[in-house]
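Some notes on the structure that comes next.
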Amino acid sequence: MGDRIDKRIYFDLMGKKYDFITDEPEEVVNEILENIKENVEDIYSKMNNPDIVHILLYLLLNENLEKIEMKNGLKNLIEKANTVSHNKG
């Protein structure tokens, strides 16, 4: 595996220009940014002129909730699998 190269990414969100540096693959970054853009625009269309920071905080909270739920679900699944494998023996 070769060294990853830092690259500057430019992103337009709700008429504001943003840029940052990352070494992640461009296709992954573009997919993430497109998801963020779609989510922000969807939420914005449903609210009465919300501040972009509030929308991004809402999305961040939801992402973290999903991460915690997935982590707990995986933990429960592993526990169930261990119980089944112990009961077989």
_Using helices alone, I'd like the mean residue ellipticity at 222 nm for the chain: each DSSP H run of four-plus residues gives -39500 (n - 2.57), total over residue count, nearest 500._
-23500 deg cm²/dmol
*Please give the per residue accessible area of the chain, computed with a probe of 1.4 Å over protein heavy atoms only, in Å².*
88
_With the alpha-carbon atoms as the only input, what is the per residue convex hull volume for the range 18-66 in Å³?_
95
*What is the local net charge at residue 25, summed over the other residues whose Cβ is closer than 13 Å to its Cβ (Lys, Arg +1; Asp, Glu -1)?*
-4
*asked:* Among (1) 146; (2) 134; (3) 88, only one was calculated for this model; which label is it, if the read-out is volume of the Cα convex hull per residue in Å³?
replied: (1)
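The values are calculated or read from the model by the stated rules, or taken from the named source; none is laboratory data. Please read these numbers as outputs of a predicted model, since none were measured by experiment. Counting neighbours? That spans all protein chains shown, and the Cβs are built from the backbone with ideal geometry, glycine included. In case anyone asks, the SASA skips ligands and DNA or RNA and just uses the protein heavy atoms, side chains included. Shrake-Rupley method; radii C 1.70, N 1.55, O 1.52, S 1.80 Å.
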